[in-house]
Amino acid sequence: MRKLFVLWVLTSLILLQGEALAAPAADIPPAVKAVNSQPVLQWTGFPDAVMYELDIAKTADFVDAQIIFHSTTIYSAGFQPDLSAWLGKNLFYRVRPLDYDKRPLSEWTAPVAIAVKTPHSIQTFRPVTTTQWSKVTPILYPVYAWIPVLGADHYKVELFQETGTGSSSERKSKLVQTWEVKGSLTADVYDETPRIGTFSWRVQAIAQNGQSIGQFSGREEFTLRPVSRQFAIGIYGDSIMHGGGAISNAPSDFTYSLHAYLKTPALNLARSGDTSAASLERFERDVIPFAPRMLIIMTGTNSLRGGVKADEVASELAQIAKKCRQNKIVPVFLTLPPINPDRIKQVFRENSDPGWQVEMQKVNRYILENLPHLDVAPLFVDNRGMIPPYWATDGLHLDAKAKKAIGKLINQSDLTVFK
C-alpha cells in the first residue's frame with residue numbers, strides 16, 4: 001500500500017500531496033477557503049497517473065444529483081473550472097488519479113470545501129507554471145510546463161537570457177526565443193536548444209479571437225554553468241533518459257527523471273528524440289563543457305525501432321565510449337529495455353520496425369561483452385520479450401516506477417569498478 005495522500009488548500013491553490021492507494025484519513029478536516037469564480041486547482045501529480053478524475057459537488061457526499069462537474073479527461077496535475085454560476089455558494093471537490101484505461105490508482109481524496117466568493121477578473125489572471133526541474137536539478141534541454149487555461153486556444157511562451165549581476169531588477173533581460181503552442185489542453189513545450197547561462201521563461205494564454213487571457217505568468221528563472229567536473233554523474237541519451245512517462249507527463253516533472261532516484265546529484269544532458277547517431281554527434285557540444293566524472297548512457301532505442309541495424313548502433317556506442325575516455329569521463333552504458341510495438345501503435349499511431357527485437361538483442365549483447373555497463377534490460381522483459389505496460393504505459397518511455405528501479409540498481413552498484 002502506498003502512503004495516503006491528502007488534498008488541502010493553500011490560498012487560492014489547491015495542492016494534492018503524497019502518494020496513496022488507501023482511503024483519505026477521516027481525522028483531517030476539510031479546508032474552507034474563498035476562491036474566485038475561475039480558480040486554478042493544482043495538485044502534486046500521482047506517480048504514473050495518466051489522467052485525473054475530478055468531481056465538484058454541492059454537498060460533501062457527492063451523490064449524483066449534487067455533482068455539478070465531473071471529468072475523467074484531465075491530463076495535467078491541475079485544472080481551471082468555471083464556477084461563475086455558483087458565486088456565493090459553498091462547493092466541495094475531490095480528485096483521484098487514473099491509469100490509461102481510466103482505472104483508479106487511488107481512493108478519492110477527502111472532500112474539500114471551497115467558498116466561491118470573488119468574481120473572476122481576466123485582467124489579473126496569470127497562468128500557473130508547473131515546471132519542477134528548475135527548482136531541484138539542472139537540465140541542459142529544458143521543458144516548460146503550465147496548467148491549461150480555461151478558454152485558451154493557444155499559448156505564447158517567451159524565453160529570456162539574463163545578464164549582469166545583482167538582483168533581478170539590476171540585470172538585463174534579452175528575449176531569445178518565442179514559441180506559439182497550439183491546442184487548448186497543451187501544457188508544455190520542449191526546448192530543442194541547449195541552454196547554458198541564466199534564463200527565465202513565462203507563458204500567456206491566448207483566446208481563439210487572438211486576445212490575451214490575462215497576463216503572462218511570473219518569470220521562472222534557471223541557471224546552468226559549464227563547470228568541468230562539477231557533477232559526479234551525467235545522464236545522457238534520448239527521451240527515456242531525458243524524462244517523462246505515463247503518456248501525459250513531460251520531463252518538466254521530476255518524478256519521471258532517473259536522477260530523482262540517485263543518491264549522487266546528477267546533471268541531465270539527455271535530449272528527447274535522440275538516436276544513437278544524434279547522441280554521438282552532439283557529444284562535444286553537450287558533454288565536454290561539463291565533463292562529469294561519470295556518464296550514464298542509454299541511447300539507440302529510437303534507432304532500432306526506426307530500422308537502423310545493430311552494427312551501426314553498436315559502432316556509435318563504441319565511439320561515444322571512446323570520446324568519454326579521451327576526455328577522462330567514465331562511461332557506463334545501460335542495456336536497452338525492450339519496447340512494446342502494440343502499445344506504441346495504440347498510443348502514438350506509430351509503427352515499429354519488425355526486426356527491432358533481434359537487433360536490440362544484438363546491441364545489448366555488444367554492450368555486455370564490450371562496454372562498461374549495468375544490465376537493466378532484464379528488469380523489464382515479459383514472456384514475449386517486450387516491456388509490459390506496467391513499466392511503460394506507452395510501450396516506450398519508462399514510467400516513474402521503472403526509473404526508480406533503475407535508480408535503485410545504480411545506487412546498489414559499485415560504480416567505481418568502471419574507473
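Computed from Cα positions, the angle between helix 400-412 and the longest principal axis of the chain comes to roughly 50 degrees. For the chain, the 222 nm mean residue ellipticity estimated from helices alone, with every DSSP H stretch of n ≥ 4 adding -39500 (n - 2.57) and the total spread over all residues, rounds to -5000 deg cm²/dmol.
Computed from Cα positions, the angle between helix 356-370 and the longest principal axis of the chain comes to roughly 60 degrees. The residues neighbouring Ile367, those whose beta-carbon lies less than 14 Å from its own, together hold a net charge of -3 under the Lys/Arg +1, Asp/Glu -1 convention.
Multiplying the residue separation of Thr223 and Asp311 by 0.36 nm and subtracting their alpha-carbon distance yields 27.8 nm. In the chain, what % of DSSP beta bridges are antiparallel (nearest 5)? Bridges in the chain are about 70 percent antiparallel. Straight-line reach only, C-alpha to C-alpha below 19 angstrom: list the aspartates and glutamates that Lys156 could link to, leaving out same-chain residues fewer than 8 apart. Counting by Cα, and skipping residues close in sequence, Lys156 has these aspartates and glutamates nearby: Glu180, Asp188, Asp191, Glu192, Glu220, Glu221. Measuring between alpha carbons in the structure, the pairs from Lys263/Lys328; Lys102/Lys401; Lys182/Lys404; Lys102/Lys263; Lys322/Lys362 lying more than 27 angstrom apart are Lys182/Lys404; Lys102/Lys263.
Using the Cβ of Ile196 as centre and a radius below 11 Å, the other residues enclosed give a net charge of +2, where K and R count +1 and D and E count -1.
Taking a straight line from the alpha carbon of Lys323, these lysines sit under 18 Å away, with near neighbours fewer than eight places off in the same chain left out: Lys419. Against the main long axis of the alpha-carbon atoms of the chain, helix 310-326 sits at an angle near 90°.
Is the shape of the range 173-251 best called rounded, prolate or oblate, per the rule: a/c under 1.5 gives rounded, else a/b larger than b/c gives prolate, else oblate, with a ≥ b ≥ c the square roots of the Cα gyration tensor eigenvalues? Cα axes put the range 173-251 in the oblate bin.
Within the shell of other residues whose beta carbon sits under 13 angstrom from the beta carbon of Asp64, the net charge comes to -1, with Lys and Arg scored +1 and Asp and Glu -1.
Per residue, the convex hull spanned by the Cα atoms of the range 133-224 amounts to 100 cubic angstrom. Which entry in [x] 42; [y] 47; [z] 35 matches percent of Cα pairs over 32 Å apart derived from the coordinates of this structure? Computing percent of Cα pairs over 32 Å apart and matching it to [x] 42; [y] 47; [z] 35 gives [x]. Inter-label distance, Lys89 to Lys322: 7.0 nm, where each label sits 7 Å from its Cα along the C-beta direction.
Taking amide H positions as modeled 1.01 Å from N, with prolines and chain starts lacking one, the residues under 5 Å from Leu105 and 5 or more places away or on another chain are Leu98, Asp99.
Readers should treat all values here as calculations from the given coordinates under stated rules, not as data from a laboratory. All values derive from a computational prediction rather than experimental measurement. No Cβ is skipped: glycine too gets one built from the backbone with ideal geometry, and neighbour counts run over all protein chains shown.
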